[in-house]
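Readers should treat all values here as calculations from the given coordinates under stated rules, not as data from a laboratory. From a predicted model like this one, the values you see are computed outputs, not experimental measurements. Here the Cβ positions follow ideal geometry from the backbone for every residue, glycine too, while neighbour counts run over all protein chains shown.
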Amino acid sequence: MQKTLVILKPSAIQRGIAGEIISRFEKKGLQIVGMKMVELSDEILENHYAHLKNKPFFSRIKNSMQTSPVILMVAKGVGAVEVVRKMAGVTNGREALPGTIRGDYSVSVQENIVHASDSIETADIEIKRFFSEDEIFEYPQQLLPNIYANDEY
Ligand code: UDP
Ligand code: MG
């Protein structure tokens, strides 16, 4: 099974919709195996958004991510990386399809509610960036036979 990183950004925390967003992942059938609230430092954001570091708007993204604590979450499931990316929708909330998190809750490129890892490799790096090993839990997902066929997992 794959694990992927979700960040509930300040746009979710400030608007009081973090619970609703977490609930979507739970209802989908993903298992939450890690969760915590943190304030993101300059250093961790410079690593996390290294691909945007040279963009003129990098400081505005960094400031936005520091306007409140964020909730970090690790979600586990079959194909979880792609499943969660699809649930998030495309970056621009104005273009994200209705039914996706960004499509339902955002009209902005920047203030787009969630971060979701974009590949299996990235997910692995990002989970390690934000979580120590003892903050990720292994526990039985009791309803597994009701969530997947037995040859799917
Ligand atoms: N972002 C932005 N303007 C841009 C591109 C990105 O404000 O032109 C912000 C936005 O919040 C986005 C984050 O930077 O979610 C990371 O950008 P990326 O291209 O990795 O998009 P994502 O993977 O989040 O869809
Ligand atoms: Mg990205």
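Here are the numbers for the structure shown:
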quantity	calculated
Region 15-118 - share of DSSP beta bridges that are antiparallel (%, nearest 5)	90 percent
Burial ranking of peptide ranges 57-64, 120-127, 133-140 (average Cβ count within 10 Å, highest at the top)	120-127, 57-64, 133-140
Efficiency of FRET from Cβ geometry, Val109 and Asn54, R₀ 22 Å, rounded to 0.05	0.80
Over the chain: helical MRE at 222 nm, DSSP H runs n ≥ 4 each giving -39500 (n - 2.57), nearest 500	-10500 deg cm²/dmol
Of Lys9/Lys53; Lys27/Lys62; Lys28/Lys62; Lys27/Lys53; Lys53/Lys76; Lys27/Lys55, pairs whose Cα-Cα distance is over 25 Å	Lys27/Lys62; Lys28/Lys62; Lys27/Lys53; Lys53/Lys76; Lys27/Lys55
Mean-position separation - Cα centroids, region 121-135 and region 39-60, in angstrom	18 Å
Calculated over region 20-123: convex hull of Cα atoms, volume per residue (Å³)	107 Å³
Cβ-based net charge around Met37, under 13 Å, with every Lys or Arg adding one and every Asp or Glu removing one	0
Chain lengthening between Met35 and Ile120 when straightened (0.36 nm per residue, less Cα-Cα)	28.7 nm
Fully extended contour minus Cα-Cα distance, from Gln66 to Lys28, at 0.36 nm per residue	10.8 nm
